[in-house]
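Novice: This is the structure I have questions about; it appears just below.
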Amino acid sequence: MSKKEHILDIAELLFNQLGYNAVGVDLIRDQANVSKTSMYRYFGSKNKLIEEVLLRRHQRFEKELNAAVSTMEGLENKLNAVLNWHFSWFNTESFQGCLFMHALAEFKGHDELIVNQAQQHKTWLKSLLHSLFPAPSKETELKAEALITFLEGMIVRAEFGEVSGYEECYRTMAHRLI
């Protein structure tokens, strides 16, 4: 693993655990065991580091969700794949909510590049949901909007620790939306 990837791993972990504003460059530097010079050589600023963390996280989510959906046939199976991916994510030890939602909350009105990145991730997720339907239309656009809202709510509920035990309820309700 390169030094840059190591720094990104540590930064993502810390931002996920503590939030963007609570984590300073010095903490990342100390946890990654690198010099401040290395930090700035690779990223230039804390906000550029955040942008790279979000880009890498988006790419990972995109790859994993596309892989989960691509092996399935039919709308219901594809939707189950998306739900299963989310339930699995919620049950990871590292789950602390959505870094993109947190970025929007912490940077809205302060850093439009980071806000745009968060919004682009959610736009992509909605597009993925829309693509699950065999024949996209205005009706399926509305269903994709309902599904993204439903997923976002699940993510928030999971952050509060309230999803466990309700997976089948959520699955049933998501299928009613389609």
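The values are calculated or read from the model by the stated rules, or taken from the named source; none is laboratory data. Model, not experiment: these values are computed from the prediction. Glycine gets a Cβ as well: all are built from the backbone with ideal geometry, and neighbour counts include every protein chain shown. Only protein heavy atoms, including side chains, enter the accessible area calculation; ligands, DNA and RNA are left aside. Shrake-Rupley method; radii C 1.70, N 1.55, O 1.52, S 1.80 Å.
Novice: Show the residue pairs that are 6+ apart or on different chains and have beta-carbon atoms under 7 Å apart, the first residue being within segment 28-46 and of a type in the set (Phe, Trp, Tyr), the second being assigned to a helix (DSSP H, G or I).
Specialist: TYR42/LYS4; TYR42/ILE7; PHE43/LEU49; PHE43/GLU52
Novice: Looking only at segment 141-162, how many residues end up being within 18 Å of LEU99 (Cα to Cα), open to solvent by less than 70 Å² (accessible area, probe 1.4 Å) and in contact (Cβ under 8 Å) with a residue 24 or more places away in the chain?
Specialist: 8
Novice: Please specify each residue of segment 10-46 satisfying the condition of being open to solvent by less than 40 Å² (accessible area, probe 1.4 Å), of a type in the set (A, V, I, L, M, F, W, C) and outside any helix (DSSP H, G or I).
Specialist: VAL23, VAL34
Novice: Considering (1) within 14 Å of the chain's Cα centre (by Cα); (2) assigned to a loop (DSSP other than H, G, I, E, B); (3) among the small types (Gly, Ala, Ser), say which one GLY153 fails and leave the rest.
Specialist: Tallying (1) within 14 Å of the chain's Cα centre (by Cα); (2) assigned to a loop (DSSP other than H, G, I, E, B); (3) among the small types (Gly, Ala, Ser), GLY153 fails exactly one: (2).
Novice: Next question. Could you say whether any residue in segment 59-72 is surrounded by fewer than 17 Cβ atoms within 10 Å (Cβ to Cβ) and in contact (Cβ under 8 Å) with a residue 60 or more places away in the chain?
Specialist: Yes, because at least one residue in segment 59-72 is surrounded by fewer than 17 Cβ atoms within 10 Å (Cβ to Cβ) and in contact (Cβ under 8 Å) with a residue 60 or more places away in the chain.
Novice: Further question on the same structure: List pairs: first in segment 93-107 and on the phi > 0 side of the Ramachandran plot, second among the acidic types (Asp, Glu) and surrounded by fewer than 18 Cβ atoms within 10 Å (Cβ to Cβ), Cβ under 7 Å, 6+ apart or cross-chain?
Specialist: Pairs that qualify, where the first residue is on the phi > 0 side of the Ramachandran plot and the partner is among the acidic types (Asp, Glu) and surrounded by fewer than 18 Cβ atoms within 10 Å (Cβ to Cβ), are GLY97/GLU159.
Novice: Follow-up question, since we're still on this one. Regarding LEU132, is this residue touching a Lys or Arg at 6+ places or on another chain (Cβ under 6 Å) and either over 30 Å from ASN21 (Cα atoms) or open to solvent by 70 Å² or more (accessible area, probe 1.4 Å) (or both)?
Specialist: yes
Novice: Quick test of your reading of the structure: ILE7 fulfils all but one of (1) more than 30 Å from GLU167 (Cβ to Cβ); (2) free of Cβ contacts under 8 Å to residues at least 40 places away in the same chain; (3) assigned to a helix (DSSP H, G or I); (4) open to solvent by less than 30 Å² (accessible area, probe 1.4 Å). Name the failing condition by number.
Specialist: (2)
Novice: Report the residue count in segment 108-129 for those that are open to solvent by 60 Å² or more (accessible area, probe 1.4 Å) and not in a helix (DSSP H, G or I).
Specialist: 3
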